[in-house]
Each structure stands twice: as C-alpha cells, then as structure tokens.
Amino acid sequence: MDKKIIEKAKKIELLLMDVDGVLTDGKMYFIPQANGKTREFKAFNALDGIGVRMLALFNISCGIITGRESEDAEERARLLAMKYAYQGFLSKIKPLEEILKDSGIKPENTAYIGDDLTDIPALRKVGLACAPKNAVKEVKEVAHFITEKAGGEGAVREVCDLILKSRGHWKKVMEYVETAHWPAIEERKIKIVKYSQYSKTNS
C-alpha cells in the first residue's frame, strides 16, 4: 500500500459515498406492484454493511449522497447507523458542504467514494478520494485510491478496512472477532435530506 494513501486514511473521521455503482453494482430492479405502478429495488453487499458498522464502532461517521431518491437507500443508511442520507442530488458539492458544516469535520478529514462523472467535484474536495474498480476512467484519474473490488461487490468494505487499519483500529477489530463480542452501536439520529423537498424550501 502506498504510504501517501495510508497517511491520508489516518486522518479520516467521515466517510461519504454515492449509492448506485458504489454501494450497489449499479443495476436497478423495477418490480410491478398491485396498483399497476413499479417500485425500485436495490441489492446491497453484506461485506460493505459490516465495514460501515465497524467504522461506527470507532466513531467514524458515514453518509450517502446520491442522485436518486430511494426508499431502499434510505433504509440501508438507517440500518448501518449512518448519520447522513442526501438523496436526489446530481450535484454532490452542496450536500458535501452542508455535511461538513453540520459535522464540523474538515475536508482533509473526509473520504468520499464515487464511480461516475457527477462525483468528480466531491472527490476533488476531500482528503481521501476513492473509486471502485468499475468507476469510469475520469473518476479513476482523480482518485487517490482505487479498490480491487467493484461497486456492490465489497468496494466500500475495502475503503472501510483501509481507514480502520490506517487509524490503528484493526487490532481491536480482531479482538472483537476472537472474543465474538461486538459492542453495541449507539443509536444515531440520521439526517435525511431529499432534493424534491430541499428544492422547495430553498427556492
């Protein structure tokens, strides 16, 4: 591992990420409902979920900034004890700036994982810019760290493990593994912001 990446990961106190193509493999499933309409479903990877929850154990906050509004993404964020869920934002900069202001965390202490062109401005602003294996070329060119796994296949977990190891938490993680005793994660109030509502109140 490049020492420069480890040094960047040591400073991370907040991990933000896109959803489609990062927490998922990018596929969207539309299931017909009894009322004749369709409902969108997403599939998530359990490895990623454990990684995010491990970060929460060490008070490293997480959140999503996604271009689509999705009940599945919101519920996933809530189940993983994330602090932020910004949905429907194609431009990621405004949500990023709001989250940094709300958390009091500096850009250099923030990591972001993105896979597509709309993620590039956010990736350029943070201390640790990450891209999954399946990211487009332009995203990989601005990323500090590119995962070996694709989105929805453990890419987020790779970033979580990198942060935990770089910050010196891995020994404690392995103690939890060996003793089969995992501390309870404090219940967190999640801040949910949807662009469809946000645009009306901020117009």
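The values are calculated or read from the model by the stated rules, or taken from the named source; none is laboratory data. Source: prediction; values computed, not measured. Note that we place each Cβ from the backbone using ideal geometry, even for glycine, and neighbour counts take in every protein chain shown. Calculation scope for accessible area: heavy atoms of the full protein, side chains included, ligands and nucleic acids excluded. Shrake-Rupley method; radii C 1.70, N 1.55, O 1.52, S 1.80 Å.
Key figures
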{"quantity": "Which numbered condition residue 137 misses (of (1) without any contact (Cβ under 8 Å) to a residue 60 or more places away in the chain; (2) among the basic types (Lys, Arg); (3) touching a helix residue (DSSP H, G or I) at 6+ places or on another chain (Cβ under 7 Å))", "calculated": "(3)"}
{"quantity": "Any chance residue 169 is modelled with pLDDT under 95 and open to solvent by 30 Å² or more (accessible area, probe 1.4 Å)", "calculated": "no"}
{"quantity": "Of all residues in the range 88-110 being assigned to a loop (DSSP other than H, G, I, E, B) and farther than 22 Å from residue 42 by Cβ, the one that is most open to solvent (accessible area, probe 1.4 Å)", "calculated": "106"}
{"quantity": "Residue match in the range 105-126 (condition: of a type in the set (Lys, Arg) and in contact (Cβ under 8 Å) with a residue 24 or more places away in the chain)", "calculated": "yes"}
{"quantity": "Cβ-Cβ under 7 Å pairs, at least 6 apart or on other chains, the range 157-169 side of a type in the set (Ser, Thr, Tyr), far side surrounded by 22 or more Cβ atoms within 10 Å (Cβ to Cβ) and part of a helix (DSSP H, G or I)", "calculated": "166/9"}
{"quantity": "Unmet requirement for residue 124, which otherwise passes all of (1) open to solvent by less than 70 Å² (accessible area, probe 1.4 Å); (2) outside any loop (DSSP other than H, G, I, E, B)", "calculated": "(1)"}
{"quantity": "Residues of the range 144-156 satisfying the condition of being aliphatic (A, V, I, L, M) and in contact (Cβ under 8 Å) with a residue 24 or more places away in the chain", "calculated": "150, 155, 156"}
{"quantity": "Residues located in the range 127-141, provided they are of a type in the set (A, V, I, L, M) and farther than 15 Å from residue 4 by Cβ", "calculated": "131, 135, 136, 139"}
{"quantity": "Enumerated strands (runs of 3 or more DSSP E) restricted to the range 1-87, each holding at least 1 residues that are open to solvent by 50 Å² or more (accessible area, probe 1.4 Å)", "calculated": "29-32, 38-41"}
{"quantity": "Any hit, the range 152-165, residues being farther than 18 Å from residue 7 by Cβ and touching a strand residue (DSSP E or B) at 6+ places or on another chain (Cβ under 9 Å)", "calculated": "yes"}
{"quantity": "Test result for residue 193, under 19 Å from residue 90 (Cα atoms), open to solvent by less than 90 Å² (accessible area, probe 1.4 Å) and not in a helix (DSSP H, G or I)", "calculated": "yes"}
{"quantity": "Test: residue 138 is open to solvent by 70 Å² or more (accessible area, probe 1.4 Å) and either in a helix (DSSP H, G or I) or touching a strand residue (DSSP E or B) at 6+ places or on another chain (Cβ under 7 Å) (or both)", "calculated": "yes"}
{"quantity": "Residues of the range 141-165 classified as open to solvent by less than 10 Å² (accessible area, probe 1.4 Å) and not in a helix (DSSP H, G or I), total", "calculated": "3"}
